[in-house]
């Protein structure tokens, strides 16, 4: 799996806002200076982050960006997905074998595909708040994943049963 510079820099910039944006907007110039990322590059990333609904912008003096949601509601997977192509470990398209070896699964397809799913699941269970507050990311992701598995579905009403 290859995480592109776009994905890495987008996460760095979002963490920077999480660390420095308490009650205020953060300018791209500030982020660029602290993270040593080109401001022009950040501008391209923030167009995508704004379109994805992850940040809000403010114009004028004191303008910049703020998180559109609380940091504990933003998962790292969404930040990366907003600026990158989907991350994958295989050269195949989806779980199909197009792009594998001679139209069949290569000998390591299942290995790389499984690792890719694990990485995506991990990133979907780590929040921006976890990174900002330097939590044990593996533990935080495991707890969040376990809680999601144990959430009970609401009881189905008779009307719902008839519809389905």
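The values are calculated or read from the model by the stated rules, or taken from the named source; none is laboratory data. It should be emphasised that the depicted structure is a prediction, and the values quoted were computed from it without experimental measurement. No Cβ is skipped: glycine too gets one built from the backbone with ideal geometry, and neighbour counts run over all protein chains shown.
Tabulated data for the structure shown
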{"item": "Counted residues, the range 24-57 - those being surrounded by fewer than 18 Cβ atoms within 10 Å (Cβ to Cβ), under 12 Å from residue 82 (Cβ atoms) and in contact with a helix residue (DSSP H, G or I) (Cβ under 6 Å, 6 or more places away or on another chain)", "result": "2"}
{"item": "Tally, over the range 1-47, of residues that are out of contact with any strand residue (DSSP E or B) (no Cβ under 7 Å at 6 or more places or on another chain) and at pLDDT below 95", "result": "11"}
{"item": "Enumeration of residues in the range 121-133 that are assigned to a helix (DSSP H, G or I) and under 22 Å from residue 68 (Cβ atoms)", "result": "123, 124, 128, 129, 130, 131, 132"}
{"item": "Residue match in the range 86-96 (condition: surrounded by 10 or more Cβ atoms within 10 Å (Cβ to Cβ), more than 17 Å from the chain's Cα centre (by Cα), modelled with pLDDT of 90 or more and outside any helix (DSSP H, G or I))", "result": "no"}
{"item": "Odd one out for residue 72, checked against (1) part of a loop (DSSP other than H, G, I, E, B); (2) in contact with a strand residue (DSSP E or B) (Cβ under 7 Å, 6 or more places away or on another chain); (3) at pLDDT 75 or above", "result": "(1)"}
{"item": "Single residue of the range 134-159 satisfying the filter (modelled with pLDDT of 80 or more and not in a helix (DSSP H, G or I)) that is surrounded by the fewest Cβ atoms within 10 Å (Cβ to Cβ)", "result": "134"}
{"item": "Matching helices (runs of 4 or more DSSP H) fully within the range 1-67 where at least 1 residues are under 13 Å from the mean Cα position of the chain (by Cα)", "result": "5-20, 39-51"}
